[in-house]
Amino acid sequence: MATLTGKDGSCSFDASITSAVLSWSITATGDVVENTYMLATDGYKTYLPGYIEWTAEVEVEYDNGGLDPSLTDLVDNDGATLILYQGLISTSKRKYTGTGIITNVSANVSNDGTETLSYSFQGSSSLTEATHV
Amino acid sequence: MSTMHGKSGTVSYGAGTNINSAQAGEVTTWTITATGDVVEDTSMGDTWKTYLPGFLDWTGSCSFNLDSAGLPLASLFGISAALDFDTVDGKEFNGSAICTSCNITNEKDGTSTVDIDFQGTGALSEVA
C-alpha cells in the first residue's frame, strides 16, 4: 500500500491540461429516501438509496496568460470532460473522469498573497475512477 | 475498566468489499452519531415540558488517506451494505448503511484524503 501525495496531481478540462493547479476536490453524494413505518423493528428508521451526484472544485494560481479554463467554457451547455489526477512518482496514478459543467469561477486577490482562481463544476452523469499510468 | 486508544480502530463496508483492506488500513478517523427523536406532549397545566421517545436513527463517517490502490466509487453508492466500525481493543459497532457522501481532496502540499458519510438504515448494534 502507498498513500498518495497531492504534489503530483493535475487536472484536465476539455482535453486541455489546466496550469498551476493548487488543489482539487470531488464531492460525490447519494440520495436516500426514508421508508420508516410504524412498528419498525427495534424502533430504528430505515432508508433506501436514491440518485447519485457529484461536484468538483479546482483551485489554480491566476496566471497572467489568462483564465484556463476560459470564461467561454461557462457557456458550454454540454459541459466537457473533466479529469482529476492523483499520483505518486514512479507508481501508477489514479484518475477520476466525468462530464463537468463549470458553474462558478471565483477570483481571490489580496494584498499579501498570490492571486488565485476557483472553478466549480457540476458533474453530469457518472464519475469513474481508474488507473492512469 | 480501561480506556481504548484510537490507533487500533478499523472500518469495513460491505464485508471489506466496498471499502477494501487497502483503504481500511489507511483510516485516520471514524465517528458514529446515534440520535433519538422526541415528540413533545406538554399540555396546559404542566410546569415542565414533557416528551415521549420516538424513532432511533444513526449516521457514520470515516476519513482516510487515499491509497494508490484507488477507491471503488461505483461500489460505494446505490447500495445498503454492512458497515463495521471497530475499536479492535474491545468494542465493535455495526449495522446496515447507505453511503451518502464521498469527498476526495488533493492538495499540492498534503496527502490525498477521503471523507465518507453513511446513513444507517435499521438497527445499530454494539458488540464486544
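The set of residues in region A:98-133 that are within 14 Å of chain B (Cβ to nearest Cβ) and open to solvent by 50 Å² or more (accessible area, probe 1.4 Å) comprises A:Thr114, A:Ser125, A:Ser126, A:Thr128, A:Thr131, A:His132, A:Val133. Picking from residues in region B:25-53 that are more than 8 Å from chain A (Cβ to nearest Cβ), surrounded by 11 or more Cβ atoms within 10 Å (Cβ to Cβ) and not polar (S, T, N, Q), the one that is farthest from B:Ser125 (Cα to Cα) is B:Tyr51. Listed conditions (1) open to solvent by less than 30 Å² (accessible area, probe 1.4 Å); (2) part of a strand (DSSP E or B) are all met by B:Gly122, apart from (2). With the structure loaded, tell me whether B:Asp84 is open to solvent by 50 Å² or more (accessible area, probe 1.4 Å) and in contact (Cβ under 8 Å) with a residue 24 or more places away in the chain or whether it fails that test. The answer is no for B:Asp84. The requirement of being facing chain A (nearest Cβ under 9 Å) and in a loop (DSSP other than H, G, I, E, B) is fulfilled somewhere in region B:80-101, by at least one residue. On the basis of being in contact with a His (Cβ under 9 Å, 6 or more places away or on another chain), more than 22 Å from A:Gly50 (Cα to Cα) and of a type in the set (S, T, N, Q), does B:Thr35 make the cut? No; evaluated as a whole, the condition is false for this residue.
The residues of region B:106-116 that are open to solvent by 30 Å² or more (accessible area, probe 1.4 Å) and at the interface with chain A (Cβ under 7 Å from one of its Cβ atoms), listed by number, are B:Glu107, B:Lys108, B:Asp109, B:Thr111. Does B:Val11 satisfy the condition of being surrounded by fewer than 15 Cβ atoms within 10 Å (Cβ to Cβ), out of contact with any Ser or Thr (no Cβ under 9 Å at 6 or more places or on another chain) and in a strand (DSSP E or B)? No; evaluated as a whole, the condition is false for this residue.
Of all the numbered requirements in (1) facing chain A (nearest Cβ under 8 Å); (2) open to solvent by less than 30 Å² (accessible area, probe 1.4 Å); (3) of a type in the set (A, V, I, L, M, F, W, C); (4) more than 22 Å from A:Ser10 (Cα to Cα), B:Cys62 misses one, and that requirement is (1).
The values are calculated or read from the model by the stated rules, or taken from the named source; none is laboratory data. What you see is a predicted model; the values in this text were computed from it and never measured. Methodologically, a virtual Cβ is constructed for each residue, glycine included, from the backbone with ideal geometry; neighbour enumeration extends over all protein chains shown. Please note that ligands, DNA and RNA were not included when accessible areas were found on the heavy atoms of the full protein model with its side chains. Shrake-Rupley method; radii C 1.70, N 1.55, O 1.52, S 1.80 Å.
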